[in-house]
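A.B. asks: The structure is given below, and queries will be raised subsequently.
The values are calculated or read from the model by the stated rules, or taken from the named source; none is laboratory data. Please read these numbers as outputs of a predicted model, since none were measured by experiment. A quick note on method: Cβ atoms are made from the backbone with ideal geometry, for glycine too, and the neighbour counts reach across all protein chains shown.
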Amino acid sequence: MKQSANDTLLEFSGVGLSVGRREILKEVSLKVGRGEVVTLIGPNGAGKTTLLRVGLGLLRPTEGEVYLRPDLRTGYMPQRLQLDPTLPLTVRRFLGLAGSRGSEELLPILREVGAERVLDSPFGNLSGGELQRVLLARALLREPDLLVLDEPVQGVDVQGQAELFQLITRIRDRRGCAVFMVSHDLHLVMASTDRVVCLNRHVCCTGSPEAVTADPGFVELFGPLVVQNLALYAHDSEHRHNKKQEDFDG
């Protein structure tokens, strides 16, 4: 989908980042437009989380520029949240730390992410899937134009991963926000994103999932066996998705 200048929410132009002699990012250029789901993939150490933090203004690039649309509202879901599990903190209180919100505001957002039952549960007792949904709810409290998600299905079983990716897509469709996320789950990403950016310190390739999996840069980075398995999965996943949609529409 071609984006006009007014549709651009976030843009990296020739961004580089070095720490000492270590080059973490090199000449990264990409845009995230209104309503898009853009997913960063790549090996460990490729600079994916670093790029998210540069986009959020948490890190300053040593080269290039970052553009954020004026008055852009962002919601951020970090890769990890380190809290003492013995801390007497309920989900209600945790979400309240993000701003002054009453139960009448918290409950609808938890309902939107499928976690309304845990409002008064101890935060430390949440399962992996519940925790990720609560973190997503926290990111949504800002009514964001742009959701920035770092490994949003981390610590969740395979079924839960698929459900969370579907949830993220529904949130984009319902709210009209853009989603910029990092993921290692290649199979599920390919069925849940509009555009893939393959990063290994620099942008190796970018485009639709179908285009990226056929790109030599992707094949070189992940190997032909991964590409073959992704192609088989994408075909089967599309078939099952259509059947579920027919059942839902009926």
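A.B. asks: Look at the range 35-48 and say how many of its residues are under 24 Å from D7 (Cα atoms) and either in contact with a helix residue (DSSP H, G or I) (Cβ under 7 Å, 6 or more places away or on another chain) or surrounded by fewer than 24 Cβ atoms within 10 Å (Cβ to Cβ) (or both).
C.D. replies: Residues that pass the stated criteria total 7.
A.B. asks: Among V197, V134, which is within 23 Å of I24 (Cβ to Cβ), β-branched (V, I, T) and crowded, with 17+ Cβ neighbours inside 10 Å?
C.D. replies: Numbers: V134 fails: within 23 Å of I24 (Cβ to Cβ).
None of the other options fit; the residue is V197.
A.B. asks: Yes or no: the range 73-86 includes at least one residue that is more than 19 Å from C177 (Cβ to Cβ), touching a helix residue (DSSP H, G or I) at 6+ places or on another chain (Cβ under 9 Å) and either surrounded by 18 or more Cβ atoms within 10 Å (Cβ to Cβ) or among the basic types (K, R) (or both).
C.D. replies: Within the range 73-86 (the criterion being more than 19 Å from C177 (Cβ to Cβ), touching a helix residue (DSSP H, G or I) at 6+ places or on another chain (Cβ under 9 Å) and either surrounded by 18 or more Cβ atoms within 10 Å (Cβ to Cβ) or among the basic types (K, R) (or both)), the answer is no, since none of the residues qualifies.
A.B. asks: Something else now. State whether the residues of the range 128-150 include one that is among the small types (G, A, S), without any contact (Cβ under 8 Å) to a residue 40 or more places away in the chain and outside the structural domain of G55 (by TED's automatic domain parsing).
C.D. replies: Yes, that holds for at least one residue.
A.B. asks: Continuing with the same structure: May I ask you to say which residue of F165, F180 is under 20 Å from S208 (Cβ atoms), in contact (Cβ under 8 Å) with a residue 12 or more places away in the chain and part of a strand (DSSP E or B)?
C.D. replies: F180
A.B. asks: Check the range 45-61 and report whether any residue there is assigned to a strand (DSSP E or B), among the aliphatic types (A, V, I, L, M) and within 19 Å of the chain's Cα centre (by Cα).
C.D. replies: Taking every residue of the range 45-61 in turn, none turns out to be assigned to a strand (DSSP E or B), among the aliphatic types (A, V, I, L, M) and within 19 Å of the chain's Cα centre (by Cα).
A.B. asks: Would you confirm whether or not the range 73-94 contains a residue that is over 17 Å from the mean Cα position of the chain (by Cα) and either in the same structural domain as R175 (by TED's automatic domain parsing) or among the small types (G, A, S) (or both)?
C.D. replies: No, there is no match, as no residue in the range 73-94 is over 17 Å from the mean Cα position of the chain (by Cα) and either in the same structural domain as R175 (by TED's automatic domain parsing) or among the small types (G, A, S) (or both).
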